[in-house]
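The values are calculated or read from the model by the stated rules, or taken from the named source; none is laboratory data. From a predicted model like this one, the values you see are computed outputs, not experimental measurements. Here Cβ is always computed from backbone atoms with ideal geometry, including for glycine, and neighbour counts include all displayed protein chains. What goes into the accessible areas is simple: the full protein's heavy atoms, side chains included, and nothing from ligands, DNA or RNA. Shrake-Rupley method; radii C 1.70, N 1.55, O 1.52, S 1.80 Å.
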Amino acid sequence: MPSRHPKANTVVVLDFETSGLSPNLGDRAIEVGAVLLENGSITDRYQSLINPGFRVDSFIERLTGISNTMLRSAPSATGVFKELARFIGNHNLVAHNASFDKKFMDAEMALARQSYQGTFACSMLIARRIYQNAPDHKLGTLVRYKKLPLAGEFHRALADAEMTANLWIKILDDLQADHQLDNLTFPFMKKLGRMPKASIAQFLLRQSQTEAG
DNA sequence: TGCCAGGCCCTCTTTAGGGCCTT
């Protein structure tokens, strides 16, 4: 029996909590959560709060449940991103609305003088294409829509990373079950996330026929 | 104190505007 989730899909799924929406305006990461997903299972986890060096506003405290008191004693970004770079290794990355996490990742990695090799795929872009009947494509909505387990409080980095990982596994399962696709490589998933919505059905059918030979 | 961004994607589109998503 072919592997349900080929080894090529070993990825790190990550999520940042941040002080705001834009590193260009001085916002910083305040928490990172990451999980290693191997052959469809979470095999390792990394989580840390990050001291941004300033007080976050009350909106962020309420949204995340992360208080300024918690951040005051948190480690600095330099050490955290050094550890994160080690955790990621050479793996590719998955995030929900990956463009957001990528811009913070790039900004913080540059500040910490660290680098990473992998590229990002976006669970939200793929979900918009294959779950077109979902009420919307927020992470929380998709977790409920697909009846995925809650991994903790939403808007905490490790819980969101784990739920994004569960969503990623569900997406792989559904592509296999509904479209008889087995060769779900990372490049294929990235391509799926960029495909025009109107062409998705045809694209999946063509892929399925190609795999069937 | 209140505000800020940006990529994607749709449509009444491409010489644009606005909703969705992330914190």
List the pairs whose first member sits in the range A:153-165 and is touching a residue at least 60 places away in the same chain (Cβ under 8 Å) and on the phi < 0 side of the Ramachandran plot, whose second member is hydroxyl-bearing (Ser, Thr, Tyr) and assigned to a helix (DSSP H, G or I), and whose Cβ atoms are under 6 Å apart, counting only residues at least 6 apart or on separate chains?
-> A:Thr164/A:Ser123
Return yes or no: is A:Ala134 of a type outside the set (S, T, N, Q) and either part of a loop (DSSP other than H, G, I, E, B) or in contact with a Pro (Cβ under 7 Å, 6 or more places away or on another chain) (or both)?
-> yes
A:Leu139, sole failed condition from (1) buried (at least 16 other Cβ atoms within 10 Å of the Cβ); (2) near DNA strand B (Cβ under 8 Å from one of its atoms); (3) over 15 Å from the mean Cα position of the chain (by Cα) | (3)
Identify, please: which residue in the range A:107-129 is more than 8 Å from DNA strand B (Cβ to nearest atom), surrounded by fewer than 20 Cβ atoms within 10 Å (Cβ to Cβ) and touching a residue at least 60 places away in the same chain (Cβ under 8 Å) and is, among those, farthest from A:Gln202 (Cα to Cα)?
-> A:Ala107
Among (1) more than 18 Å from the chain's Cα centre (by Cα); (2) open to solvent by 50 Å² or more (accessible area, probe 1.4 Å), which single condition is A:Asn39 missing?
-> (1)
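If I ask for residues that are closer than 28 Å to A:Ser208 by Cβ and open to solvent by less than 50 Å² (accessible area, probe 1.4 Å), which ones from the range A:147-157 would you list?
Taking the range A:147-157 first, the residues closer than 28 Å to A:Ser208 by Cβ are A:147-148.
Listed by number, the list holds a single entry, A:Leu148.
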Got a sec? Which of A:Leu158, A:Leu172 is assigned to a helix (DSSP H, G or I) and closer than 21 Å to A:Phe16 by Cα?
-> A:Leu158
Search result, residues across the range A:50-75 that are within 10 Å of DNA strand B (Cβ to nearest atom) and open to solvent by 50 Å² or more (accessible area, probe 1.4 Å) | A:Asp57, A:Ser58, A:Phe59, A:Leu63
From the list A:Thr18, A:Thr10, A:Thr78, pick out the single residue that is among the β-branched types (Val, Ile, Thr) and open to solvent by 20 Å² or more (accessible area, probe 1.4 Å).
-> A:Thr78
Report the residue count in the range A:32-70 for those that are under 24 Å from A:Lys102 (Cβ atoms) and among the hydroxyl-bearing types (Ser, Thr, Tyr).
-> 4
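Is it true that A:Arg206 is away from DNA strand B (no atom under 12 Å from the Cβ) and assigned to a helix (DSSP H, G or I)? Write out each step before concluding.
Numbers: away from DNA strand B (no atom under 12 Å from the Cβ): yes; assigned to a helix (DSSP H, G or I): yes.
So A:Arg206 passes the test.
Can you pull out the strands (runs of 3 or more DSSP E) entirely within the range A:1-110 that have at least 1 residues that are among the basic types (Lys, Arg)?
Details: elements: A:11-18, A:29-38, A:41-49, A:92-95.
Output list reads A:41-49.
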All-but-one check, A:Val94 against (1) open to solvent by less than 40 Å² (accessible area, probe 1.4 Å); (2) within 12 Å of DNA strand B (Cβ to nearest atom); (3) touching a residue at least 60 places away in the same chain (Cβ under 8 Å), failing number (2)
Hits in the range A:158-213 - residues which are open to solvent by 20 Å² or more (accessible area, probe 1.4 Å) and among the β-branched types (Val, Ile, Thr) = A:Ile169, A:Thr185, A:Thr210
Looking at (1) under 15 Å from the mean Cα position of the chain (by Cα); (2) open to solvent by less than 30 Å² (accessible area, probe 1.4 Å), which is the one condition that is false for A:Phe100?
-> (2)
